[in-house]
Amino acid sequence: RYPHQYGTYFAHSHSIPSGQPATPYFSQGTLDTTLFIASILSPDDQFTERLFKQSGIHVQLLHLTPITTAELEFKLEHGADKLYDIFDEKNHPFILDETRDSYV
């Protein structure tokens with residue numbers, strides 16, 4: 001509904017807070033924003049290529065990653081690539097940790 005409501009789309013590095021003001025998704029923790037990143041699974045790239053060959057439509061599979069308000073603010077100030085560098089430094093796991101602290 002969000003893309004239609006706001007006349008936008010979802011793409012790599014876009015982020016959406018869980019409300020205004022953002023509230024945590026989980027009872028324990030501070031994750032309150034969704035960050036869309038390119039899929040981190042290499043088989044997904046093969047899948048999107050097959051879809052394009054069959055339909056002629058470019059599709060990008062996105063991984064939804066919950067982040068904190070502080071991480072969102074860091075991304076907006078310094079750019080998504082700098083936030084991804086921090087994810088790499090912290091060995092950000094593929095499996096969700098609902099209680100993880102902010103990396104920034």
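The values are calculated or read from the model by the stated rules, or taken from the named source; none is laboratory data. Keep in mind the model is a prediction, meaning the values are calculated, not measured. Neighbour counts run over all protein chains shown; Cβ positions are idealised from the backbone, glycine included. When the accessible area is computed, the model is the full protein with side chains, heavy atoms only, and any ligands, DNA or RNA have been set aside. Shrake-Rupley method; radii C 1.70, N 1.55, O 1.52, S 1.80 Å.
Of the residues 13, 65, 2, the one whose Cα sits farthest toward the positive end of the charge dipole of the chain, with +1 on the Cβ of Lys and Arg and -1 on the Cβ of Asp and Glu, is 2.
Per residue, the solvent-accessible area of the chain (1.4 Å probe, heavy atoms of protein chains only, all protein chains present) comes to 70 Å². Highest mean packing first, where packing is the average number of other Cβ atoms within 10 Å per residue, the peptides 66-76, 18-28 line up as 66-76, 18-28. Here the contact order of segment 1-93, divided by its residue count and restricted to Cα pairs under 8 Å and six or more residues apart, works out to 25 percent.
Taking Cα atoms only, the orientation of helix 80-89 departs from the longest principal axis of the chain by about 70 degrees. Estimated at 0.36 nm per residue, the fully extended path between residue 13 and residue 102 surpasses their Cα-Cα distance by 30.3 nm. Rg of the Cα atoms in the chain, relative to 2.2 N^0.38 Å, amounts to 1.17. In this simple spin-label model, placing a label point 7 Å from the Cα along the Cα-to-Cβ direction at both residue 6 and residue 54 gives a separation of 3.1 nm. Helix 69-78 axis versus longest C-alpha principal axis of the chain: approximately 60°, rounded to the nearest ten.
Computed over protein heavy atoms with a 1.4 Å probe, the carbon and sulfur contribution to the accessible area of the chain reaches 52%. Compared with the dominant principal axis of the Cα atoms in the chain, helix 42-55 is inclined by about 40°.
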